[in-house]
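Trainee: Quick one: this structure, given as structure tokens, is what I'll be asking you about.
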Amino acid sequence: EAGVAQSPRYKIIEKRQSVAFWCNPISGHATLYWYQQILGQGPKLLIQFQNNGVVDDSQLPKDRFSAERLKGVDSTLKIQPAKLEDSAVYLCASSLEQLRDGYTFGSGTRLTVV
Amino acid sequence: SQQGEEDPQALSIQEGENATMNCSYKTSINNLQWYRQNSGRGLVHLILIRSNEREKHSGRLRVTLDTSKKSSSLLITASRAADTASYFCATTGNQFYFGTGTSLTVIP
């Protein structure tokens, strides 16, 4: 089966600019996660979707980050405006069943804010 | 927030030796998963152990879970240079959280 697709692979922006990341999960996977991984740290959960509904966005900095999953398939994560500390790899993962199965991760988008 | 914490933070061994990594977590879980991440790449799911299981094997991997101590260990036997990567535990209870990771280096 095709994996989780993410784009772009790399992005460099200046602070205060906006950026958007895209994720296409494995077909049929109802659960979708966005993680932020800062260099040298473990992934930090930003938001979890179940189909097109948000299950948990408690760690999403909502003043600048937003995410949506229209039609319960693809998802986009947006940062506006970006700060230097947003430099990280943004990982998307999907799973067939919430919290019960292994998750498949995309290769991530490496964001550098200068 | 990080739910799990791996120990050691870094581990360096010779090819052919066994590597053991430990994970401690804070709250009750449904299952615990181990992932591998090669430098600059996404995470790869290795193995899942459910809260009612105590040990699980998959190829050269052996995972144990002690829910009374809120800890898990990952053993990689007969290590290979290709096993060089960071290893993370991830717990699923109410949410899905990752630990801080162990960086494993296998020297050929």
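The values are calculated or read from the model by the stated rules, or taken from the named source; none is laboratory data. The structure presented is a predicted model; accordingly, all values stated were derived computationally and were not measured. Quick reminder, even Gly has a Cβ in these numbers, built from the backbone with ideal geometry, and neighbours come from all protein chains shown. Accessible surface is based on the protein model in full, side chains and every heavy atom, while ligands, DNA and RNA are left aside. Shrake-Rupley method; radii C 1.70, N 1.55, O 1.52, S 1.80 Å.
Trainee: Could you name every one of the strands (runs of 3 or more DSSP E) located completely within the stretch B:9-108 that has at least 1 residues being touching a Leu at 6+ places or on another chain (Cβ under 8 Å) and within 27 Å of A:Y33 (Cα to Cα)?
Mentor: B:19-25, B:31-37, B:43-50, B:55-58, B:61-66, B:71-76, B:85-92, B:96-98, B:102-107
Trainee: Here's something else I'd like to know. All but one of (1) free of Cβ contacts under 8 Å to residues at least 24 places away in the same chain; (2) open to solvent by less than 20 Å² (accessible area, probe 1.4 Å); (3) more than 12 Å from every other protein chain (Cβ to nearest Cβ) hold for B:I76; state the number of the condition that does not hold.
Mentor: Single failed check for B:I76: (1).
Trainee: Let me ask something else about it. Just for the stretch A:73-114: of the residues that are of a type in the set (S, T, Y) and open to solvent by less than 30 Å² (accessible area, probe 1.4 Å), which one is nearest to B:F98 (Cα to Cα)?
Mentor: A:Y103
Trainee: May I ask you to list the residues in the stretch A:81-110 that are over 24 Å from B:N30 (Cβ atoms) and within 14 Å of chain B (Cβ to nearest Cβ)?
Mentor: Once the filter is applied, which keeps residues that are over 24 Å from B:N30 (Cβ atoms) and within 14 Å of chain B (Cβ to nearest Cβ), the stretch A:81-110 yields A:A88, A:V89, A:Y90, A:S107, A:G108, A:T109, A:R110.
Trainee: Condition first: surrounded by 15 or more Cβ atoms within 10 Å (Cβ to Cβ) and either at pLDDT 90 or above or within 11 Å of the chain's Cα centre (by Cα) (or both). Now tell me which residues in the stretch A:60-72 satisfy that.
Mentor: Across the stretch A:60-72, the qualifying residues are A:L60, A:F65, A:S66, A:A67, A:R69.
Trainee: Report yes if some residue within the stretch A:69-80 is within 11 Å of chain B (Cβ to nearest Cβ), among the β-branched types (V, I, T), in contact with a strand residue (DSSP E or B) (Cβ under 7 Å, 6 or more places away or on another chain) and in a strand (DSSP E or B); otherwise report no.
Mentor: Within the stretch A:69-80, none of the residues are within 11 Å of chain B (Cβ to nearest Cβ), among the β-branched types (V, I, T), in contact with a strand residue (DSSP E or B) (Cβ under 7 Å, 6 or more places away or on another chain) and in a strand (DSSP E or B).
Trainee: Follow-up question, since we're still on this one. Which of the residues spanning the stretch A:31-42 are more than 8 Å from chain B (Cβ to nearest Cβ) and either open to solvent by less than 10 Å² (accessible area, probe 1.4 Å) or in contact (Cβ under 8 Å) with a residue 12 or more places away in the chain (or both)? Before you say what the answer is, go through the steps one by one.
Mentor: The first filter runs over the stretch A:31-42 and keeps only residues more than 8 Å from chain B (Cβ to nearest Cβ), leaving A:31-32, A:34, A:36-40.
Answer for the stretch A:31-42, where residues must be more than 8 Å from chain B (Cβ to nearest Cβ) and either open to solvent by less than 10 Å² (accessible area, probe 1.4 Å) or in contact (Cβ under 8 Å) with a residue 12 or more places away in the chain (or both): A:T31, A:L32, A:W34, A:Q36, A:Q37, A:I38, A:L39.
Trainee: Based on this model, can you work out whether A:L45 counts as under 15 Å from A:C23 (Cβ atoms), open to solvent by less than 10 Å² (accessible area, probe 1.4 Å) and in contact with a helix residue (DSSP H, G or I) (Cβ under 9 Å, 6 or more places away or on another chain)?
Mentor: The answer is no for A:L45.
Trainee: Still on this structure, I have one more. Would you check if B:Q37 is touching a residue at least 60 places away in the same chain (Cβ under 8 Å) and within 11 Å of chain A (Cβ to nearest Cβ)?
Mentor: The answer is yes for B:Q37.
Trainee: Sticking with this one: Just to verify a result, which residue in the stretch B:85-108, among those that are more than 18 Å from B:L32 (Cβ to Cβ) and over 13 Å from the mean Cα position of the chain (by Cα), is farthest from the other protein chains (Cβ to nearest Cβ)?
Mentor: Among those that are more than 18 Å from B:L32 (Cβ to Cβ) and over 13 Å from the mean Cα position of the chain (by Cα), it is B:P108.
Trainee: While we're on this one: With the structure loaded, tell me whether B:L43 is within 14 Å of chain A (Cβ to nearest Cβ), open to solvent by less than 20 Å² (accessible area, probe 1.4 Å), under 11 Å from the mean Cα position of the chain (by Cα) and of a type in the set (A, V, I, L, M, F, W, C) or whether it fails that test.
Mentor: Working: within 14 Å of chain A (Cβ to nearest Cβ): yes; open to solvent by less than 20 Å² (accessible area, probe 1.4 Å): yes; under 11 Å from the mean Cα position of the chain (by Cα): no; of a type in the set (A, V, I, L, M, F, W, C): yes.
Judged against the criteria, B:L43 is not a match.
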